[in-house]
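Quick notes on the structure that follows.
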Ligand code: SF4
């Protein structure tokens, strides 16, 4: 059993696949570690990300999968789920080791696992599209903080850019410490000084004049649409698990 | 803005609107092409009420003043409640500001009847027009059509709204006569017919001229209240089926009557809301629309009521044991869809996956099939299968015993179904 250590990028992952085939490694485990802490492991192979090799593997994948299939693989990896590298590697090997396109072969455990990962990612993406709450700041920027279970922020750009084309906005992932800023033309990745962006008190002091009023109205609206006679807490919690509450205006 | 006054209005007019259960914001294709605000496409639930219903739209009445006196309605003329009315501008501001903060997908605007139908409808249309033209708003707009409003206003409404609805309120004409003596069913059917024809016409036009304006792209829907009058499920579903077929409705909503008013014509105040029945009606409705079931297979003269213990698909299956078991590796999609415990997605996955290899129990489980129900009705790549010669009733008992609490307490609506 070999442990391959890579840098966490998609190119790094593809480079690792290249090594696996070149060195004929059968039992491998892939883990993501910062380059310098690699020395802690024995039987370790450090993967040095190599764009040329990655490109070759990618080209191979393109031949065997539909373009949507390649996209899904990319998204599954980008989600940064803990310890899912092995399923992703397993999937890629199954793709290369089979003559036909296996995307729909749900009887295979790797194909199935990839589809489960994507389902979780998609659900998290939808949740973010639903649960993001913008707060209007004095400079007319709409700001939202999020803490998604997986790394889905890049997947949100298109939706929010299409929808809020005429307002400036920032969506900031507090957990992963980066955000997206839309300036009425384009989006950019940004990182904010932690003390500025993430302390609720600081954000509140930057509110626009009417922000408080609309938050108040929204909370009222939420309270008045409830039908007490139909109360169903279990169902409620299934739809909005508690960990999302702290960024939901109506739940604060 | 007078914060206190607007808060009060919002409380009154949201409270009065909440009994209309439809909240869908999907089915439209409005894009944000003018670099304006919003789009209406996929329909997102931005929040959920404590009773687990989706909150997707700002659902309010323009006013709860009303000249009519429908027995089941909190806004009825003779009910002694606080009244309020929004101005057109207030509704526009609320919608825009909620939308910009990602609270909602759009607006669902309904109203009590102020003076007459046209007077009221004209104001609803003005809100939609203002949103679309002055604010370049492309989010979802659902307008309730006021029964009896003129064709001219209905046509204008269709140009700005994504969806229009005329509520039938009661499943049958007799029910309506009893509880809403001011209303007449023809006043509801006429605008539905008008909308249906107009939608067809405009869709044709749109095919010829790309630039032709959209007309109610999310179609029309209606709502019936159940449990306020004695209609059985057969009458309700048959009426729904009739409206799906003849008026191209996108959705029929079933709203379990919430007893908020005392009236001899209505169920007692302490009657509970028929939530399980409502859920069964939605399930039956899905069977008709997506699973290829004919209404008579679900309810008929022998079986006029839906079974409350089990879902209508399982109920159909145990009444039709002669068609089972089916071979999951051979049966066609239509048949697989009829197996209890297999939903639309799983059925499609089965069709995809079995091209590679025959599927076993293990794999079916991974695909998402609820084996505790499905296993009585299928065989797959395995020597294990149900060999006992069970009657439908046996199966029902087994399944109920296994998932008792889940079934009986399962009172949710629309989304998670089979
Ligand atoms: S017309 Fe509408 S608002 Fe007026 S009483 Fe009847 S249902 Fe209620």
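A few points about this structure:
- In whole angstrom, segment A:2-123 maps to an equivalent ellipsoid with semi-axes of 23, 16, 13, each derived as √(5λ) from the alpha carbon gyration tensor and ordered largest first.
- With 5 Å bins beginning at zero, the pair-distance distribution over Cα atoms of segment B:314-410 amounts to 2, 13, 26, 25, 19, 11, 4, 1 %.
- Global form of segment B:1-52, assessed from the alpha-carbon gyration tensor, a/c cut-off 1.5: oblate
- Between residue A:63 and residue B:83, the distance separating the two model label sites (each 7 Å from Cα on the Cα→Cβ line) works out to 7.8 nm.
- Spin-label model, residue B:115/residue A:190: points 7 Å from Cα along the beta carbon direction are separated by 5.1 nm.
- Within 10 Å of the Cβ of each residue in A:239-246, the mean number of Cβ atoms contributed by other protein chains is 2.
- Chain B - Kirkwood radius from inverse mean 1/r over Cα pairs (Å): 23.3
- Ellipsoid semi-axes in whole angstrom, largest first, where each is sqrt(5λ) of the Cα gyration tensor of segment B:15-128: 27, 17, 12
- Global form of chain A, assessed from the alpha-carbon gyration tensor, a/c cut-off 1.5: prolate
- Relative contact order (%) - chain B, alpha-carbon pairs under 8 angstrom, separation at least six: 12
- Note on residue A:9 and residue B:387: their simple-model spin labels are 6.0 nm apart, each label 7 Å out from Cα toward Cβ.
- The Cα atoms of segment A:61-104 cover 30, 19, 15 Å along the three principal axes, with the biggest extent listed first.
- CD proxy at 222 nm, helix term only [per DSSP H run n ≥ 4: -39500 (n - 2.57); per residue of chain B; nearest 500]: -12000 deg cm²/dmol
- Segment B:109-238: relative contact order in percent, alpha carbon pairs under 8 Å with at least 6 residues between: 26
- Column: log10 I(q)/I(0), Debye, Cα scatterers of the protein assembly as shown, q = 0.06, 0.08, 0.09 Å⁻¹: -0.41, -0.72, -0.91
- As a length-normalised measure over Cα pairs under 8 Å and 6 or more apart, the relative contact order of segment A:132-251 settles at 25 percent.
We did not get these values from a lab; they are worked out from the coordinates using the rules stated. Treat the numbers as computed from the prediction; the structure is a model and nothing was measured. In this analysis, Cβ positions are derived from the backbone assuming ideal geometry, glycine residues included, and neighbour counts consider all displayed protein chains.
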